[in-house]
Structures are given as structure tokens and as C-alpha cells.
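> Before we start, here is the structure in question, set down as C-alpha cells.
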Amino acid sequence: MRRSFLGSLFNRKRDAKARQFHACAQAVCAVLLGAQVRRLDLQGTEPVCEIDGFDELPLFSKLVVWSVGRPVTAKTGSPIDDDAALKQAAALVASVAPSRAEADKLRRLALDEAGRIVEQRWTLIRRLAAILAGRGELAGADVARIVLRSATPPGKRRPRRAASRLTDAPRPSPPRTSWMATIIARCAAAFGGSNGRAGSRSRARARKSPGRPPVRAAQDGRQASDTTVVS
């Protein structure tokens, strides 16, 4: 008797947890598909996920939100009562599909997409359910912030400050020669070249002219002849 009571109590808790996961899975799918969640509520007997403008959503988006019950059941092992949602999905698909085969194919695609989202975002769904259990109600803005923050790829997040400091640090520039020093060096080279050419030309003229006594020696000879005493 005691075991059966404890077993039924455990099953009720497990089923209640599965229903929370189901409502949070609907909210995650809605946000990822571009819909706006109004609120998540645990105040009533059943968790509620209210979606603004659900009737105006694209057909496939509505089918995906309606189809999350089976993937959640596969994850938790607790059946989800989603018969009403599946009947709505079947009626809607039948009204637009050209044939029953096409309708079944579209429903399978929606179920596969719902299963993929639940599988990839299961950690996020559990986290959202834990936050919801602690608060009892979540506004749509809080749901969107939690879902979109967790769905952002790591490569697109803001880089760490240490990395930005490394990239922004000034790099040492190679030493550059002053423009004034460059001009002075060019002028010195030009003047040195012209002086060298002038010296070489003067030396060449000296070698070509005949040997004559120096000017100072000739002047001294004239002065000596002028002062000679006649006896």
C-alpha cells in the first residue's frame, strides 16, 4: 500500500515535470521560429504557453509548435496529452494539402523539425523549466531573452577584453631616417663630387703646362739685378 502510494506520487511529479517541459518546449520553438511568446504560466493546473498572433503564424511554424509533445515524451518517458493539438494540426494540413499523401508528408516534416529542436535545445528547455518552477510565471520578454541568449553561437559573442587589449596594443614601428638628415647627406655627396672633379681638372692642367720658375723666384731675381753696384 505504501509502495503504491509512493509510486503514484512519483508518477504525478514526473508527469507534472513533463508538462512543464512541454510548455517550455513550445515556447522555445515559438521564439526560434520568429513568434512572440506572451507568457509562461504555472499558476493553473496545467502549464500554459501563450503565443501572440499564433493564428497568423506560417502553417509550418504552427505544425512544429503543435508537434513537440512526442519528442518531449521520448525524452521524459511520461506521456503528453497533446491529442487536441494534433487534431488541429491534421485538420489544418488537410485543408491546404492537395492530397492526403502530401498532408502526411508535411506533418512528418513538422514532427522531424520539432524533434530536432527538442533534441538540440533540451538543455535550454530544462533550464527554462527550472526558472519557471522557481518564479511561477515568466513574461514573454524574459522568455525571449533566455532563449536567444542561449541560441547565440559562441563565435558571434563579444570577445574577451584581454584579447581586445592585445589587438589594440600599438605595434613598434621600424626606425625611420629624418628627412633633414637625408637632404644633408645628398648635399654632402653632391658637393664632395664637385670638389673632387674640380681638383682633378686643376691637376690635369698643371701636368700639361711647361715648367716655369715660380712667380716669387722671378721677382726676387729682378730685385737683385736692380740693386747691383757699378764700380
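The values are calculated or read from the model by the stated rules, or taken from the named source; none is laboratory data. Since the model is a prediction, treat every value here as computed from it, not as a measurement. Please note: Cβ atoms are built from the backbone with ideal geometry, for glycine as well, and neighbour counts cover all protein chains shown.
> Restricting attention to the range 41-71, which residues are touching a Lys or Arg at 6+ places or on another chain (Cβ under 9 Å) and under 19 Å from V118 (Cα atoms)?
P47, V48, C49, E50, I51, L63, S67, P71
> Can you find, within the range 30-66, the residue that is surrounded by the most Cβ atoms within 10 Å (Cβ to Cβ) among those that are within 13 Å of A144 (Cα to Cα) and of a type in the set (A, V, I, L, M)?
Here the answer is A30.
> For the range 37-47, does any single residue satisfy the condition of being assigned to a loop (DSSP other than H, G, I, E, B) and among the β-branched types (V, I, T)?
There is at least one residue in the range 37-47 that is assigned to a loop (DSSP other than H, G, I, E, B) and among the β-branched types (V, I, T).
> Okay, moving on. Quick test of your reading of the structure: D81 fulfils all but one of (1) in a helix (DSSP H, G or I); (2) over 20 Å from A139 (Cβ atoms). Name the failing condition by number.
Failed condition: (1).
> Checking T76 against (1) out of contact with any Phe, Trp or Tyr (no Cβ under 8 Å at 6 or more places or on another chain); (2) under 26 Å from G134 (Cα atoms); (3) not basic (K, R): exactly one of these is not met. Which one?
(1)
> If you don't mind, there's one more thing I want to ask. Consider R126 carefully, then state whether it is of a type in the set (D, E, K, R), within 28 Å of the chain's Cα centre (by Cα) and at pLDDT 95 or above. Before the answer, list the steps.
Details: of a type in the set (D, E, K, R): yes; within 28 Å of the chain's Cα centre (by Cα): yes; at pLDDT 95 or above: yes.
Yes.
> Please count how many residues of the range 67-83 are farther than 14 Å from A110 by Cα and buried (at least 16 other Cβ atoms within 10 Å of the Cβ). Lay out the reasoning, then the answer.
From the range 67-83, those farther than 14 Å from A110 by Cα are 72-83; that's our starting set.
Narrowing the set further to residues that are buried (at least 16 other Cβ atoms within 10 Å of the Cβ) leaves 72-73, 75-76, 78, 80, 82.
Count: 7.
> Continuing with the same structure: Does any residue in the range 122-148 that is farther than 17 Å from D52 by Cα and part of a loop (DSSP other than H, G, I, E, B) come within less than 7 Å, Cβ to Cβ, of a residue that is hydrophobic (A, V, I, L, M, F, W, C) and at pLDDT below 95 six or more places away or on a different chain, and which pairs are these?
Here the result reads G136/L42, each pair linking the range 122-148 to a residue that is hydrophobic (A, V, I, L, M, F, W, C) and at pLDDT below 95.
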